[in-house]
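Have a look at the structure below before the remarks.
The values are calculated or read from the model by the stated rules, or taken from the named source; none is laboratory data. None of these values were measured; they are calculated from a predicted model. Note: ideal-geometry Cβ built from the backbone for every residue, glycine included; neighbour counts use all protein chains shown.
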Amino acid sequence: MSKPEVDWDACEGCSTCEELCPEVFKVMDNGKAHVIGPDKCNTCNCQEAANMCPDQAIKFVD
Ligand code: SF4
């Protein structure tokens, strides 16, 4: 199953992904979204988070 990754060079820390998928993404002290639950992606709507990310910073890897 593919898992989400965040490109920190692109992420602006807007928290949109965290609001949509709080089990998967969390914006940390460095102002970037971290993937805290890569295997939780099937219980939320990570594709929506990727679509809504203003920086297209969320990718999916196998
Ligand atoms: S939605 Fe995109 S820019 Fe916003 S915190 Fe998440 S990864 Fe970063």
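Quick check on my filter: what residues within the stretch 50-62 are within 9 Å of the ligand (Cβ to nearest atom) and exposed (fewer than 14 other Cβ atoms within 10 Å of the Cβ)? Once the filter is applied, which keeps residues that are within 9 Å of the ligand (Cβ to nearest atom) and exposed (fewer than 14 other Cβ atoms within 10 Å of the Cβ), the stretch 50-62 yields Pro54, Gln56. Among the residues of the stretch 10-26, those that are touching a residue at least 40 places away in the same chain (Cβ under 8 Å) and either among the small types (Gly, Ala, Ser) or in a loop (DSSP other than H, G, I, E, B) (or both) comprise Ala10, Cys11, Glu12, Cys14. Please work out which residue is nearest to the ligand (Cβ to nearest atom), limiting yourself to the stretch 25-49 and to residues that are touching a helix residue (DSSP H, G or I) at 6+ places or on another chain (Cβ under 8 Å), of a type outside the set (Phe, Trp, Tyr) and at pLDDT 95 or above. Going through the qualifying residues, I end up with Ala33.
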